[in-house]
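Trainee: Sharing a structure below in structure tokens format, with a few things to ask.
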Amino acid sequence: MNQPPNALRKLAGQLIMIRFPGTELDAATARFLEENGIRAVCLFRGNMTDQAQLSKLTADLRAVLGPEALIAIDQEGGAVVRSTWVPAPPAAMGLGAADDTGLAHRTGAAVARAVKALGFNWNFAPVLDLNNNPHNPVIAERSFGADPQRAAQLAMAWMAGSEEEGVACCVKHFPGHGDTSVDSHRDLPTVDKPRAELEAFEFAPFRAAAPVAPAVMTAHIVYPAIDAANPATMSPAILDGILRREWNYGGVIITDGMDMHAIAGRYGAGNAAVRALAAGADMVMALGTPQTQDETLDAIAQAIADGTISRAQVDERLARLSALAAKYPCAPREYTEDAADRAVMAEGWRRALTSRGAPRRPAAGAKVRLVVRQDVVSDGVSEAGVPAARVADALRHLHDVELVTFADAESFDWSALPADGRYTILASTSRLRYGPHARATWRPDLHVALWNPYQALDIDAPALMTYGFAAPALEAVAAWLAGELEAAGTCPVPGFA
């Protein structure tokens, strides 16, 4: 191919999505976007402070990216949200616990209204992974449940709500990240199951969604029954063979972040990007540094020049991306539904509330000892958990609350708590499962699992599960403690009966 190098770089630029630091579009980033023909960016929590700032940032991006701009966000719900001041959506598993497709539809629409108003046109949600592995470190409450059919119905209802509001969804992580005990942000997982079992379980929600999903995100996971040599992100057998040819999928295929250790640490950013595009991906999520983004652009441009990726393949990918941008234009709208959407979200959090082991309420005004982790941590995917003081404040209008915090669960001595008759509540505010010391010795009167529901299996105590720690979750817990709400949700994964 005899095109000049800068023209090939601009072709390559149209096939990648980048991230950048900061809350403004600085001159260097704007120049990088323009010079390389980049049309797609993903914004994260570090790019956001409030509505005015974010609206200006997305407006500035639209001016640089052009009419086919794709501006993306991870606004799933629960702990995985980036814009934290808009109405807080319940996690997927919370909607699974409520088990109402109408509620899922209204939630997806409410999420889309908020992100559309902020200047986004692409939301990397909903999650179609089926969580049947209690030791999964990164999916858990992000999944609608373990039943393939019901999870697909709820996810597709959520997606239909988003569609009605003009925001493209991206189902993830194809062909399924639920049954892993390894986080692909940190290492390369394997799901070693026969093809028939994958078809019946992991694949089923994605197959159901394929006729309607605007986009699909790939998983950095090896499935030996299909391709023992490549993770799905770089597997022709999975992306082209199954998704495109067997299922006739016509939407956009985008990789998960190529900066994740499962990929970057093993294959190198540029090499992995070329292999993903050659395998069938339409867009590579190049979320690393400017240096790795340059490396990615150079590698893709060279692959186009030498025919590793043919011009026909490039044109097919560009056509699908242009169709996505045309159907879901990046045109913000006025947001006037804040109060109504907060009511939808609050309903979801209240209906998600799930009990385990017949918890009993303390008497009104009782002396309560609240035990909570000191720090609020993120797992790198989610927002940081709720601070201990905020949990205490949510209960102080009901009870006389004494707050006790711990730094490390495995060294905290539960037996040192005074035997003074206070009703003791453990509030779990991180995703981390508890270790053997806490499992063997901690005995609260009530365990409130404010993030990962599987923590309720770790502690021998009656439990409430919220599937997330947003303000409406704390309000639902307080309503239950006050006797104003019953915990009517049913956990949609095995092991909680």
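The values are calculated or read from the model by the stated rules, or taken from the named source; none is laboratory data. This is a predicted model, so every value here is computed, not measured. Methodologically, a virtual Cβ is constructed for each residue, glycine included, from the backbone with ideal geometry; neighbour enumeration extends over all protein chains shown.
Trainee: Looking only at the range 443-458, filter to residues that are surrounded by fewer than 23 Cβ atoms within 10 Å (Cβ to Cβ) and without any contact (Cβ under 8 Å) to a residue 60 or more places away in the chain; which one of those is nearest to residue 97 (Cα to Cα)?
Mentor: Once the filter is applied, the top-ranked residue is 458.
Conditions tested, residue by residue: (1) more than 21 Å from residue 237 (Cα to Cα); (2) surrounded by 23 or more Cβ atoms within 10 Å (Cβ to Cβ); (3) at pLDDT below 95; (4) in contact with a Ser or Thr (Cβ under 8 Å, 6 or more places away or on another chain).
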residue	(1), (2), (3), (4)
250	no, no, no, no
253	no, yes, no, yes
256	no, yes, yes, yes
263	no, yes, yes, yes
266	no, no, yes, no
278	no, no, no, yes
289	yes, no, yes, no
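Trainee: Still on this structure, I have one more. Consider residue 494 against the criteria (1) loosely packed, with under 14 Cβ neighbours inside 10 Å; (2) without any contact (Cβ under 8 Å) to a residue 40 or more places away in the chain; (3) of a type outside the set (A, V, I, L, M): it satisfies all of them except one. Which criterion is unmet?
Mentor: (2)
Trainee: Okay, moving on. Is at least one residue of the range 370-385 outside the structural domain of residue 44 (by TED's automatic domain parsing), over 30 Å from residue 261 (Cβ atoms) and among the charged types (D, E, K, R)? Steps first, please.
Mentor: Of the residues in the range 370-385, the ones outside the structural domain of residue 44 (by TED's automatic domain parsing) are 370-385.
Within this subset, residues satisfying the condition of being over 30 Å from residue 261 (Cβ atoms) are 370-372.
Add one more test, that the residue is among the charged types (D, E, K, R), and what stays is none.
The answer is no; no qualifying residue exists.
Trainee: Helices (runs of 4 or more DSSP H) wholly in the range 297-416 with at least 2 residues that are within 30 Å of residue 39 (Cα to Cα) and in contact with a strand residue (DSSP E or B) (Cβ under 9 Å, 6 or more places away or on another chain) - which ones? Can you show your working first?
Mentor: On the way: elements: 311-327, 338-352, 388-395.
Where helices (runs of 4 or more DSSP H) fall fully within the range 297-416 and carry at least 2 residues being within 30 Å of residue 39 (Cα to Cα) and in contact with a strand residue (DSSP E or B) (Cβ under 9 Å, 6 or more places away or on another chain), they are 311-327.
Trainee: Does the range 36-60 hold any residues that are free of Cβ contacts under 8 Å to residues at least 60 places away in the same chain and either among the β-branched types (Val, Ile, Thr) or in contact with a helix residue (DSSP H, G or I) (Cβ under 8 Å, 6 or more places away or on another chain) (or both), and which are they? Can you show your working first?
Mentor: Narrowing the range 36-60 to residues free of Cβ contacts under 8 Å to residues at least 60 places away in the same chain: 37-38, 41, 44, 46-50, 52-53, 56, 60.
37, 38, 41, 47, 48, 49, 60 - these are the residues of the range 36-60 that are free of Cβ contacts under 8 Å to residues at least 60 places away in the same chain and either among the β-branched types (Val, Ile, Thr) or in contact with a helix residue (DSSP H, G or I) (Cβ under 8 Å, 6 or more places away or on another chain) (or both).
Trainee: Restricting attention to the range 1-20, which residues are outside any helix (DSSP H, G or I) and within 15 Å of residue 71 (Cα to Cα)? Give the derivation first.
Mentor: From the range 1-20, those outside any helix (DSSP H, G or I) are 1-4, 14-20; that's our starting set.
The answer is 14, 15, 16, 17, 18, 19, 20.
Trainee: Report every pair of residues separated by at least 6 positions or lying on different chains whose Cβ atoms are under 7 Å apart, first residue within the range 373-385 and on the phi > 0 side of the Ramachandran plot and surrounded by fewer than 16 Cβ atoms within 10 Å (Cβ to Cβ), second modelled with pLDDT under 90 and part of a loop (DSSP other than H, G, I, E, B).
Mentor: Short answer, once both residue conditions are applied: 380/185.
Trainee: If you don't mind, another one. Could you tell me how many of the residues in the range 246-268 are farther than 13 Å from residue 174 by Cα and either in contact with a His (Cβ under 7 Å, 6 or more places away or on another chain) or acidic (Asp, Glu) (or both)?
Mentor: Selection size over the range 246-268: 6.
Trainee: Something else now. Can you confirm whether the range 182-195 contains a residue that is of a type in the set (S, T, N, Q) and either in contact with a helix residue (DSSP H, G or I) (Cβ under 9 Å, 6 or more places away or on another chain) or closer than 30 Å to residue 52 by Cα (or both)?
Mentor: yes
Trainee: Tally time: how many residues in the range 340-351 are closer than 15 Å to residue 478 by Cβ and in contact with a Pro (Cβ under 7 Å, 6 or more places away or on another chain)? If you could, list the steps in order and put the result at the bottom.
Mentor: Going through the range 340-351, the residues closer than 15 Å to residue 478 by Cβ turn out to be 346, 349-350.
Remaining after also requiring in contact with a Pro (Cβ under 7 Å, 6 or more places away or on another chain): 346, 349.
Of the residues in the range 340-351, 2 are closer than 15 Å to residue 478 by Cβ and in contact with a Pro (Cβ under 7 Å, 6 or more places away or on another chain).
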